[in-house]
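The values are calculated or read from the model by the stated rules, or taken from the named source; none is laboratory data. Quantities reported herein were computed from a predicted structural model and do not represent experimental measurements. Every residue, glycine as well, gets a Cβ built from its backbone with ideal geometry; the counts of neighbours run over all protein chains shown. Only protein heavy atoms, including side chains, enter the accessible area calculation; ligands, DNA and RNA are left aside. Shrake-Rupley method; radii C 1.70, N 1.55, O 1.52, S 1.80 Å.
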Amino acid sequence: GAVGHCDGVAVLESDVNLAVRAELTTLLTNAGATAYPVAPLSSRKARVADAESAGSDVLISIHHNSSSNTSADYTQSFVTQKNDKEFAKHIHPLLVLAFGPDRGIKNDGYGMTVYGSLPGVLTEAYFITNTNAACAFLNYRAGMPNTRVQKEAQAMYNGLLAYFSR
């Protein structure tokens, strides 16, 4: 995955992805929902099969973009299957509201959304190679409130509420 930097400290995309997942899992669990963090299996197809066998209703594949331009920052999501777009319409706009600017929901066959039957979305909420985003992650690790990690998890949570309330 991508690697960002803040004052010489490396920030790994995988660490950010897992932090967002943990925050979202906490929000869902505290609300009485069941969250199923997919195991880090050897392939995307195996991870989707894992989610399906657990009885998951939807799939969010959390990612953070990269660029050689350390000020690049926008929000983009990807879908593959027909039922993905409706689900993404509930998640993506809230990520844009939290981070913007909007580069849209792209129909592109990659990531975990190409496998299985679950409505899914692959999110790229912001660029971890953006210096401000990398520093924000270090602030999150230091226990500071209202960080990008928490805002992203909250946006996804709110999108899930909207999706399941429709």
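Straight-line reach from residue 82: which aspartates and glutamates have Cα under 16 Å away, leaving out those fewer than 8 places along the same chain? By straight Cα distance, residue 82 reaches 57, 108. Label 7 Å along Cα→Cβ of residue 103; segment 43-74 residues with amide nitrogen under 19 Å? Under 19 Å, as judged by backbone N against the label point of residue 103, lie 61-74 of segment 43-74.
The amide H of residue 126, built 1.01 Å from its N in the peptide plane, has 65 as neighbours under 5 Å, considering only residues 5 or more places off or on other chains. For the chain, the solvent-accessible area works out to 49 Å² per residue, with a probe of 1.4 Å and every protein chain left in place. If the label point is 7 Å along Cα→Cβ of residue 131, which residues in segment 1-45 have backbone nitrogen under 13 Å from it? Zone members listed by number: 5-9. Rolling a 1.4 Å probe over the protein chains gives residue 164 an accessible area of about 120 Å². Between residue 29 and residue 3, full extension at 0.36 nm per residue minus the direct alpha carbon distance yields a gain of 6.4 nm. Residues whose amide H lies under 5 Å from that of residue 120, counting only those 5 or more places away or on a different chain, are 59, 84; hydrogens are built 1.01 Å from N in the peptide plane.
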